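See structure below.
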Amino acid sequence: MVHDILQVQQQKIEEIRKSLDIVDVIGDYVQLSKQGKEFVGLCPFHSEKSPSFSVNPEKQLYHCFGCGAGGNIFTFLMEIEGMSFAEAADRLADRAKIDLGHFSSTASGRSAPSDQNKKHLAAFELLTKFYHYLLTTAKYGSVGMAYLEKRAFSQEIIERFQIGYAVNSWNAASSLLQRRHVDLSQMAKLGLVASRGFDQKYFDKYRNRIIFPIFNLRGKAIAFAGRTLGDEKPKYLNTPESPIFHKGDILYGYHLARPEIRKRNQVVLLEGYVDVIRAHQFGITWSVASMGTSLTEKQASILKRSAETIVVCYDSDSAGIEAAFRAAGMLSGGSNLIRIARMPEGLDPDDYMIKFGGEQFKSDVIGASQTLMSFKMDYFRRKRNLSDEGDRLLYIEDVLREVSMLKQAVARDHYLRLLADEFSISLDALKVQAKQLQKQLQRKSERKQQREAVQIAQKKQLPPAFEMAERMLLAQMMRSREVTARVQEAIGGNFSVDVHQALAAFLYAFYEEGHEPDEGLFIQGLEDISLQRIAAQISLMPVSPQIDEQEIGDCVSQVLKHSEVLMIEEKERERKQAEESGRFELSAMLLSEIIEMKKALGK
């Protein structure tokens, strides 16, 4: 019975693996470009400026030649999202529209968190549809619809973002949840309902409010923002963070904006969800928001992977400018082009588009966005009193420090000329000082590059011949049952590298179970992530599609020879210990064996 369950479960997992294209899955996180038969991009698991991350659509595997990350679609989701295998399987099954049924809860032996999260997602999906139905039904939603129409939200955009309305009732949502047998104590933890102190009965938290569902990157509702239509406090009621909702992990509107972001290779970062809804209504459908909070490292990472150009468009007040400066700092430093769109004083993007329209927003705000350096110059200027000589010098130092970090000589020259013209300073003097700062930065950079070069050289150092031979054999074994049988007979478990020995053992078992050669299926069956990484790396080694019998024979000889060398070294240690302990007869016997073994090796 247990064997049957495991077999069906494995069939489901295999069905998912074959139904999805790894390029599409990883493409949601990494900008990939075709290079020969493979796709390459910047690795999402470590910081790099030149792409060393490779995805092979034929084998449905990925590998980073920089940090060693590698595996299949399940491994990728587990590593990039910090998921268990069960959670990754659920996510991918949902994407492939494959019903895992009760097998989803046994995929990794850790059922509770995944099951609970699915129940939470189901509750948010139910209430999202319920609130949207109430809004769009005249009998219940006329008050809410009147407010949205007054704010000039179109029917299309209300539908697109699934905006809803919570009627002015204490039990509309809680009664629905109860009828669907949803655990209201769990809903209370999610901030959807609350219990009365005197009788512990549950009531709705959201009453007489416009409901803006908050979606995760996959388009699943995971939280609500509710705007009151009365005088209730607070004006905006947001569901708290939960196991399925971490504000700093999501970008509002990303699931809708992603196709256009890819097409334009540009993303517009706004501050709040209303700004995004308005932008989409006016055709700027490649815009997202950081949920009104400071940009997080997770959000910055998503943005940098999503598009080459990132336009930051926050509010025009002091808090907005400070937030834009912090965001720009987090987004810069890589290969992305960062621009800052400045809003007119007193207007946020929502206000601007209502007043001037989407086309003017595109041309006069997004289209007129500043380069990062121009924005920084304006930012530093705001911090100084330029009529004061001391502040002027400090401002010039601030700008020179930033200019010295620019990579392009033309850009450096441009901004130095602006500085010289503005303050009537010798351009030559500015160039000298900028050059000094640049040298300091260059020395720091060179020291860092030297350290990195040593690390890379150590990683890229060619392994010894026996190790290369073992890897070559394993690569061919993954492709051929016949080669595996030959290696098993000739070498068995005598691989010198422990991880190679483990992979060989798994391959022997894989074929004994009746499987045909399938590198993806084999790697999927390895439970150890580190083994999956190495197996993926070996699988992607450039080897001839035609099996070369001579090459196989040479590799087998090389492995056996090294195994003999290790045995000789072990005998040498035994002989030395015997001699030191006065067991001369044993020492002589071991010496005789060593001589015979060396003769056999041709030494």
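A few points about this structure:
- Per residue, the average separation of C-alpha pairs within less than 8 Å and at least 6 apart gives the chain a relative contact order of 9 percent.
- Both the radius of gyration and Dmax for segment 229-282 are 14.3, 43 Å, in that order, over alpha-carbon atoms.
- Cα pair distances of segment 460-538 binned at 10 Å [whole percent]: 19, 57, 23, 1
- With all protein chains in place and a 1.4 Å probe, the accessible surface of segment 216-281 carries 47 percent carbon and sulfur.
- Long pairs among K576/K599; K37/K247; K383/K431; K12/K119; K59/K298, criterion Cα-Cα beyond 31 Å: K37/K247
- More than 46 angstrom apart: percent of Cα pairs within the chain: 36 percent
- A Stokes-Einstein calculation at 37 °C with viscosity 0.692 mPa s, built on the Kirkwood radius of segment 279-394 over Cα pairs, returns a diffusion coefficient of 217 µm²/s.
- Three-way shape call for segment 319-367 based on the alpha-carbon gyration tensor, with the a/c threshold at 1.5: oblate
- Bridges between two residues of the chain, per DSSP, are antiparallel at a rate of about 75%.
- Ordering of 352-361, 60-69 by burial proxy (mean other Cβ atoms within 10 Å per residue, highest first): 60-69, 352-361
- Degrees, to the nearest 10: 409-423 long Cα axis against longest axis of the chain: 30 degrees
- Helix 297-306 and the longest principal axis of the Cα set of the chain meet at an angle near 80°.
- 18 Å tail of the calculated P(r), segment 265-333, as % of Cα pairs: 31 percent
- Between 0 and 90°, nearest 10: helix 389-403 axis offset from the chain longest Cα axis: 40 degrees
The values are calculated or read from the model by the stated rules, or taken from the named source; none is laboratory data. In this text, all values refer to a predicted model and were calculated from it rather than measured experimentally. Here the Cβ is made from the backbone with ideal geometry for all residues, glycine too, and neighbour counts use every protein chain on show. Side chains are part of the model used for accessible areas, which takes the heavy atoms of the whole protein and leaves out ligands, DNA and RNA. Shrake-Rupley method; radii C 1.70, N 1.55, O 1.52, S 1.80 Å.
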